[in-house]
Amino acid sequence: MLKDSKRESSRRVLKLLRTGIKPQFVGTAEADRKKIEQVRATLARESAPRKEVEAKLTGRVPQEVEFKNHRSCYENASLGVREVVKMVVNRTLEVYGPKDGKPKVVNPLGVEFKYETLREVLTFLTNGAYFSTWDFKAGYYHVLIHPAYRKYFGIKVGEVYMHYNVMCFGWSEACYLYTLLTQEAAKELRIRSVPVSSYLDDGLTGSADFWRAVWETVFGVKVLTLLGAVFSIPNRPFFAAIQGKLSWDDVFPTLQAARAAAQLFIDNLPAWNGRAWFPRRVAVEAGSDASDTGFGGTIRVPGAQKIAVVGSLSEEERLISSTARETLAFVRVLREALDRAGDALRGGAVLLTGNNQSAVSAVNAMNSRTPDVNAALHQLFELCVRGDSMSSPSGSRARSCKRRTI
């Protein structure tokens, strides 16, 4: 299908699939200074001498280097080894034998990657519309790297060296190249009047008209199949029912059970239908600060006076970390806001303001490796559920933290 396309991007994608990916090295002289500083800091953490660090930051292609794995790799060793074995079996990874040496670059395992949201779907979907989605299973692992460049994508598990034969997470250019590839499929659908939102391996299409949405789904399956996609139809929820291998009676033994399930969705449709797509209005602003023995804070409800909140910590709470105390102060102030504001919080967001960067980051991520902070976050989450609200943290002295709704 793409052979007839006159787009430059189509020709690039076809070449990429035919020969494999060939990374383009910029060289340290032309590299972004921030990236060089990040690599310098990473090498320094490996306890490399300063002269050796500077020597590795020269030239146009990567020097031979080996990084240690992230601690999360060891904390989840059983899962990691299980996945690596699968990848060796399906040739995603190539194992180095005793006489093969090791890859030129051994990258650390455990690199975090954050995905963007698909807000652009609101350009063609409206309230009450119908839509279908798809995602490519292990999408990166279907795009080969050129054999000459695989030595730069090495990993180490235990004492075994391996390299990737395909694109892998953690490589900065992978996101761009894979998006370039999947966008070609999206373009072929769009020029045939099928609206598509496509980001990395996720796709979505839909319409306000039910039968139009069905047609777009069927047509999308046909186009993606022509482009080489393989759909796992037998794994779909309704496939067994269509084949007569599963009946509604297996799921709902009585008519009352079916009605109860349907009523549950009908009753909760206003609350469940796409609420995470829209940023909630800030209904209440609450600030807090904790000391070794207590905490203080303020609550500001639109149209009402500022309310001061003061409290003390128990003997047990005084022994927890300062970050946990600051997070616990958020909990106490939010609880007071719920009691004072009532229905004003329902469906809205609470903007939390604090001066402890670690606490603000923990609330932003709603996660922490520290047990006492996680315990406070759990209380905060339960309060948000109780009040049907969301917490959105901001830091008066922690400006590096992103302000976002969780």
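Bear in mind these aren't lab numbers, they're just calculated from the coordinates by the rules spelled out. What you are looking at is a predicted structure, and each value in this text was computed from that prediction instead of being measured. Glycine gets a Cβ as well: all are built from the backbone with ideal geometry, and neighbour counts include every protein chain shown.
The mean of 1/r over all distinct Cα pairs in the stretch 17-60, once inverted, gives the Kirkwood hydrodynamic radius of 11.9 Å. Here Val105, Val85 are placed in order of increasing Cβ neighbour count within 10 Å, fewest first, which gives Val85, Val105. A simple spin-label model places the labels of Leu264 and Asn90 3.2 nm from each other, with each point 7 Å out along Cα-to-Cβ. Entry note, the stretch 282-390: relative contact order of 31 percent, from Cα contacts under 8 Å with a spacing of 6+ residues. Here the simple spin-label model places points 7 Å from the Cα toward Cβ, and for Glu64 and Glu37 these points are separated by 3.2 nm.
In order along the stretch 352-364, phi translates into HN-Hα couplings of 8, 10, x, 10, 9, 4, 5, 5, 4, 5, 5, 5, 4 Hz, rounded to whole numbers, per the Karplus curve 6.51 cos²θ - 1.76 cosθ + 1.60 with θ = phi - 60° and x for Gly and Pro. For the pair Glu52 and Ser132, label points projected 7 Å from Cα toward Cβ lie 5.7 nm apart. I'd like the distance separating the alpha-carbon centroids of the stretch 312-369 and the stretch 166-213, in whole Å. First find each Cα centre; the distance between them is then 39 Å. When Ser291, Ser361, Ser198 are arranged by Cβ crowding within 10 Å, least crowded first, meaning fewest neighbours, the order is Ser291, Ser361, Ser198. Counting other Cβ atoms within 10 Å as a rough exposure proxy, the listed residues His163, His142, His378 run His378, His142, His163 from fewest neighbours to most. Segment Arg82..Trp215, full-extension length gain: 43.8 nm, with 0.36 nm per residue of separation and the alpha-carbon distance subtracted.
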